[in-house]
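Down below is the structure, laid out as structure tokens.
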Amino acid sequence: MDEHLSVEGEIVRMEHQFVDDNRMTIGQFTVKHEGYASREAALLLDAEFHLTDTSSLPQGHGEEVERKRAQKERYARMPLFWRSFGYFVYRYIIRLGFLDGKEGFLWDFLQGWWYRTLVDAKVYEVKKACGKDREKIRQYLKEKYNISLE
């Protein structure tokens, strides 16, 4: 998810790349990301329908956080399902993910297309069931996904 860390004290800039050598099975990966997809769908619905009061959220977490937030807002305004396809093409073709072989394809497909399409499918599901009724959307998220937006 979209996590931001605040650090008090000294930080150190790493000189080399950081590698997340994740050893999850495909099954573990998909189960984990199904839960993430529900929460991300709720965040996108919140951004579109203003389901929560964001006035009390902390602002000004730095340049990188603000840049990422702006990217997510642009992404959220793109058409459902097309945005996940476009993101996959960006990662796999434009960013040369195909050079990483089968593993690169699986990563870009699962993380860039499948996951993003799952998020969009959940957004679509909620909109189809609730229309633009903010209270119905809140209730649906609570009942179906155990996500409370208040």
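For this structure, a couple of remarks:
- Hits in segment 120-150 (condition: assigned to a helix (DSSP H, G or I), open to solvent by 20 Å² or more (accessible area, probe 1.4 Å) and touching a helix residue (DSSP H, G or I) at 6+ places or on another chain (Cβ under 7 Å)): A129, R134, K136, Y140, Y145
- Counted residues, segment 94-117 - those being touching an Asp or Glu at 6+ places or on another chain (Cβ under 9 Å), over 21 Å from Y36 (Cβ atoms) and part of a helix (DSSP H, G or I): 2
- Residue in segment 106-113 that is modelled with pLDDT of 95 or more, more than 20 Å from A47 (Cβ to Cβ) and open to solvent by 100 Å² or more (accessible area, probe 1.4 Å) present: no
- Meets criteria (over 13 Å from the mean Cα position of the chain (by Cα), loosely packed, with under 11 Cβ neighbours inside 10 Å, in a helix (DSSP H, G or I) and modelled with pLDDT of 85 or more) for G27: yes
- Residue match in segment 81-100 (condition: under 22 Å from N146 (Cβ atoms) and either surrounded by 10 or more Cβ atoms within 10 Å (Cβ to Cβ) or among the charged types (D, E, K, R) (or both)): no
- All of R74, R116 fail the test of being closer than 30 Å to S6 by Cα and open to solvent by 80 Å² or more (accessible area, probe 1.4 Å), apart from R74.
- Residue in segment 68-80 that is at pLDDT 95 or above and of a type in the set (F, W, Y) present: no
- Looking only at segment 53-66, and only at residues there that are surrounded by 10 or more Cβ atoms within 10 Å (Cβ to Cβ) and in a helix (DSSP H, G or I), the one that is modelled with the lowest pLDDT: V65
The values are calculated or read from the model by the stated rules, or taken from the named source; none is laboratory data. Small disclaimer: the values here were computed from a predicted structure and weren't measured. Heads up, the Cβs are rebuilt from the backbone with ideal geometry, glycines too, and the neighbour counts pull from every protein chain shown. Remember, those area values only see protein heavy atoms, side chains included, never the ligands or the DNA or RNA. Shrake-Rupley method; radii C 1.70, N 1.55, O 1.52, S 1.80 Å.
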